[in-house]
Amino acid sequence: MITALYFDGRTALARPVELRLHDGRLRVSGEGVALDLDAQRLDWPEHQRHGPRVLVLPDDIGGQIHCADGGAWDHWLADQGHRHGRLGVVRMQQSWRATLMAVALMLLLVGLMFTHGLPLIAHVVLGMVPTSLDQRVGEEVFEHMEAHWLSPSQVPVQQQERLREQLRSAMARVNHGDHGRDHGEADAPAWELRFRRSRDKMPGANALALPGGVIVVTDELVALLHDREDVLLGVLAHEMGHVRQRHGMRMLVQGSLLAIATGLLFNDAGSVVGLLSSAPLLLGQMAYSRDMERDADEHAIAVLQANRIEPMVLAVLFERLQAGQATTPDGVPEDVPHDWGIGFSSHPPTKERIERLKAASHP
Ligand SMILES: [Zn+2]
């Protein structure tokens, strides 16, 4: 407990009050004064060498608390165990030093972007983003997809379970094969296949990897490959490649690097929440980069080879997808939907891609 003076902000009257800090609440009591405040919301005065401490209360409450004995105030706060506690975060957010650090960090990031390129910086920042955030973003995107594009699957549950099991054991053969671990990744992220029916042409026969490990597989894709589960396995292994390398989150990080860096530095949930709410729209407009697609293909090739399947089988899907699309006289698909660029069907089967699959098929 500490004593101080309370000014209500309307009159010049100074009222003696007692302050108690307990369980994250600041209680201010005195004659005609009884306030119960969330300590984290308060604008705690800076620790200074001299002078009184003035605690300006939030606008909705108004007024100020003055303590003439700065040393006693600091001791009191320290005794409450808040010195290293959550108040530290609050103080950090308000401190000009932290602001300077943020500016310095941003300048550093911008500088590094010029010298080293965005993907490398994104890689570093990605390491600071907890994978739990990938999952939250992924669920947000999935909800958006379900609300606008998807309906419940009609693929029999047993078939769904069988396809899951096939992917699981196919992956296991790579993970515990000759190379020990695939691509040197320490621990494989969680993944989940979710079967859904496409309501309209979009996303159509498709598979999409969302941040956090959810892979959406449409009934249309299962139907298109009903007689070729080896090809379907290849597609899913490709999507697993995106999952394992966190491509979805990496793309979002690259797109909002500075916002995330600042949010992390300030431990500020606000910017992260902003990212969450814009993720469905952002991801809807994005497409995995050529490098990411190549890495995902490499992963598919590794899985297929470990399971004694020729990687070239993926060409079957390219052919079937194209056969199902209207084409211009040049053979270029017309009216290709631009949404869901992260979906498998939007990845063009470039010459280079086919060549790589071919090469991997005949070593
Ligand atoms: Zn892909």
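What's the total number of residues in the range 7-29 that are at positive phi and part of a strand (DSSP E or B)? Steps first, please.
At the first step, the residues of the range 7-29 found to be at positive phi are 9, 23-24.
Filter once more, so that each one left must be part of a strand (DSSP E or B): none.
Count: 0.
Quick one: Val28 ticks every box in (1) over 30 Å from Val125 (Cα atoms); (2) under 40 Å from the mean Cα position of the chain (by Cα); (3) at pLDDT 75 or above bar one, so which box is it?
(2)
Hey, which of the helices (runs of 4 or more DSSP H) in the range 74-133, taking only ones fully inside, have at least 2 residues that are modelled with pLDDT of 75 or more and either under 28 Å from Arg27 (Cα atoms) or not hydrophobic (A, V, I, L, M, F, W, C) (or both)?
118-128
Within the set of pairs 6 or more residues apart or between chains, which connect a residue that is farther than 18 Å from Leu37 by Cα inside the range 1-23 to a residue that is open to solvent by less than 90 Å² (accessible area, probe 1.4 Å) and of a type in the set (Phe, Trp, Tyr) with Cβ atoms less than 7 Å apart?
These pairs meet every condition: Ala14/Phe7.
Starting from the range 189-215, keep only residues that are over 22 Å from Glu229 (Cα atoms), then list their pairs with residues that are part of a strand (DSSP E or B) and open to solvent by less than 30 Å² (accessible area, probe 1.4 Å) whose Cβ atoms are within a distance under 6 Å, requiring at least 6 positions of separation or different chains.
Qualifying pairs under 6 Å: Arg199/Ser151.
From the residues in the range 342-363 that are within 22 Å of Met286 (Cα to Cα) and buried (at least 18 other Cβ atoms within 10 Å of the Cβ), which one is modelled with the highest pLDDT?
Checking each candidate, the answer is Arg353.
Tell me, please, whether a residue that is at pLDDT below 95, in contact with a Lys or Arg (Cβ under 6 Å, 6 or more places away or on another chain) and not small (Gly, Ala, Ser) can be found in the range 159-181.
no
Take Leu37 and tell me if it is at pLDDT 85 or above, open to solvent by less than 20 Å² (accessible area, probe 1.4 Å), within 19 Å of Ala78 (Cβ to Cβ) and in a strand (DSSP E or B).
no
Before we move on, is Arg308 at pLDDT 65 or above, under 25 Å from Glu229 (Cα atoms), within 13 Å of the ligand (Cβ to nearest atom) and in the same structural domain as Leu133 (by TED's automatic domain parsing)?
Against the criterion (at pLDDT 65 or above, under 25 Å from Glu229 (Cα atoms), within 13 Å of the ligand (Cβ to nearest atom) and in the same structural domain as Leu133 (by TED's automatic domain parsing)), Arg308 does not qualify.
The values are calculated or read from the model by the stated rules, or taken from the named source; none is laboratory data. Keep in mind the model is a prediction, meaning the values are calculated, not measured. All Cβ positions, even for glycine, are placed from backbone atoms using ideal geometry, and neighbour counts span all protein chains on display. Ligands, DNA and RNA are stripped out before the accessible areas are found, and what is left, the full protein with its side chains, is counted by its heavy atoms. Shrake-Rupley method; radii C 1.70, N 1.55, O 1.52, S 1.80 Å.
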